[in-house]
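The values are calculated or read from the model by the stated rules, or taken from the named source; none is laboratory data. Computed from a predicted model, the values in this text were never measured in an experiment. All Cβ positions, even for glycine, are placed from backbone atoms using ideal geometry, and neighbour counts span all protein chains on display. Heavy atoms of the whole protein, side chains included, go into the accessibility calculation; ligands, DNA and RNA do not. Shrake-Rupley method; radii C 1.70, N 1.55, O 1.52, S 1.80 Å.
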Amino acid sequence: MSTRFQADPDAAALTIEPLARLDAALRGWVDSGKLPFIQIAIWRGEALGHYASYGLRDRERDLPVTDDTIVRIYSMTKPVTSVALMQLFEQGKVLLEDPVEKYIPEFAGLRVYVAGNHPNFMTRQCDRPMTVRDVLTHQSGLTYGFLERTNVDAAYRKLEIGGGAAATGTLRDTILQVAGLPLEFSPGDHWNYSVSTDVCGYLVEVISGQPLDVYFREHIFEPLGMEDTAFNVPAEKKARFAANYSMAPGGPLELLDDPETSAYTGDVTSFSPGGGLVSTTEDYLRFCRMLLDEGSLEGTRVIGRKTLELMTVNHLPPGTDLGTQASVPALAALQAGTGFGLGFSVVTDLATTQLTGSPGAFAWGGAASTVFWVDPMEELTVVFMTQLLNLAPSSMGRELRAMVYAALD
């Protein structure tokens, strides 16, 4: 069923006045130049309760955003990858406690950074092997180059690990590079946002015997009717692909990735499980509705109810959350009261989050300022799409939540 143009606030138990305030605020973000465009879909119960779409998907060519505009979802790829790996878990093909080296031998003998710079590192032995749960929860000791915190992530930048659609080679090539570098900490000691999900994606390839793009298509996208979600934008869909922008502090929007010349429209060979997908608001809403409906959509089951239940509880050490475990201080400050499951952040203490919401709501976002969340208690899921690359934590997502929850009847 297409969700386009079928919003019914009454059917979704949403109230009109708060929705009007929401639209006015979001339109203000576009009109003021904070964002190039906005699409938002709010689904509650069994109905699309609100949908809004305004702004320009391509400012240079004066092209408006359309209901079928294709966008880079970056790290909103991660929950898709996590679902894929957990499909194999519920088939008995992999266990959470399995060491990663069981499937990727190159991960045997990983060591932890002590001192030095690439390639002259001083290291020590890990306290224990990295497990499948470690990579699903970002407790692996791996990192991202863009975090710019340590000599290890400097090595990631030097080796261009995490190049996304523009990366050359294959996913296996990336994983072998990662295996050759030290960890920032022994697995399980901390939480650090990282290429862990890339390892999850490679595990899917190794265990299933299928390339990641094929596995995603056959086991997730086709069953859910996600027709526009892939690792590249084919020629026949290029006209619907949005531009991506950046913004210096206090400055105007600047073109970052032109849809006419984007690497996403070329021959993508290195499928990035942590950030490589493009999608549409409608497609990703179908994925979120599946999560909201305990693993199935319109009679098609993608993952088991109990498996999803396991994925959406806090897997950080007892009594901790991202506010105490995250290595990046700015992220920790915004994630207090939120734990992390197997591919999602999970609200654990509503008062500590300082946000409206519900315990057990789970979510994640992407580097181009996209975000989604699923609130089972309120039978609610929200998908928010735009294209502004912003690696620094922003308050916009928090403001969005406050405005959305105000509309619940």
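Only residues that are out of contact with any Phe, Trp or Tyr (no Cβ under 9 Å at 6 or more places or on another chain) and within 26 Å of residue 149 (Cβ to Cβ) were counted in the range 350-371, giving 3.
Output the residues belonging to the range 266-290 that are within 14 Å of the chain's Cα centre (by Cα), of a type in the set (A, V, I, L, M) and farther than 30 Å from residue 160 by Cβ. Hit for the range 266-290 is 285, nothing else.
The set of residues in the range 235-256 that are within 22 Å of residue 67 (Cα to Cα) and out of contact with any helix residue (DSSP H, G or I) (no Cβ under 8 Å at 6 or more places or on another chain) comprises 236, 237, 239, 240, 242, 243, 244, 245, 255. Could you run through the range 90-107 and say how many residues are touching a strand residue (DSSP E or B) at 6+ places or on another chain (Cβ under 9 Å) and either without any contact (Cβ under 8 Å) to a residue 12 or more places away in the chain or among the β-branched types (Val, Ile, Thr) (or both)? Selection size over the range 90-107: 1. For beta carbons closer than 9 Å, sequence separation of 6+ or different chains, a first residue in the range 261-290 that is among the acidic types (Asp, Glu) and a second that is at pLDDT below 95, the qualifying pairs are 282/2; 282/3; 282/4. Please determine whether any residue of the range 286-300 is hydroxyl-bearing (Ser, Thr, Tyr) and touching a Phe, Trp or Tyr at 6+ places or on another chain (Cβ under 9 Å). The answer is no, given that none of the residues of the range 286-300 is hydroxyl-bearing (Ser, Thr, Tyr) and touching a Phe, Trp or Tyr at 6+ places or on another chain (Cβ under 9 Å).
Just one of (1) among the hydrophobic types (A, V, I, L, M, F, W, C); (2) farther than 12 Å from residue 137 by Cα; (3) crowded, with 19+ Cβ neighbours inside 10 Å fails for residue 336. It is (3). Across the range 291-305, what is the number of residues that are assigned to a helix (DSSP H, G or I) and over 17 Å from the mean Cα position of the chain (by Cα)? Looking only at that region, the number is 1. Identification of strands (runs of 3 or more DSSP E) wholly contained in the range 306-389 with 2 or more residues that are within 14 Å of the chain's Cα centre (by Cα) and among the aliphatic types (A, V, I, L, M) yields 371-375, 380-385.
All conditions in (1) open to solvent by 30 Å² or more (accessible area, probe 1.4 Å); (2) small (Gly, Ala, Ser); (3) under 30 Å from residue 185 (Cβ atoms) hold for residue 53, with the sole exception of (3). Among the residues making up the range 56-82, those that are of a type in the set (D, E, K, R), farther than 30 Å from residue 193 by Cα and either open to solvent by 40 Å² or more (accessible area, probe 1.4 Å) or part of a strand (DSSP E or B) (or both) are 58, 59, 60, 61, 62, 68.
Would you please name the residue that is farthest from residue 287 (Cα to Cα), looking only at residues in the range 26-46 that are of a type in the set (Gly, Ala, Ser) and free of Cβ contacts under 8 Å to residues at least 40 places away in the same chain? Of everything passing the filter in the range 26-46, 32 is farthest from residue 287 (Cα to Cα).
Residues checked against (1) aromatic (Phe, Trp, Tyr); (2) in contact with a strand residue (DSSP E or B) (Cβ under 9 Å, 6 or more places away or on another chain); (3) touching a residue at least 24 places away in the same chain (Cβ under 8 Å):
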| position | (1), (2), (3) |
| --- | --- |
| 204 | no, no, yes |
| 207 | no, no, yes |
| 235 | no, no, yes |
| 241 | yes, yes, yes |
| 253 | no, yes, yes |
| 256 | no, yes, yes |
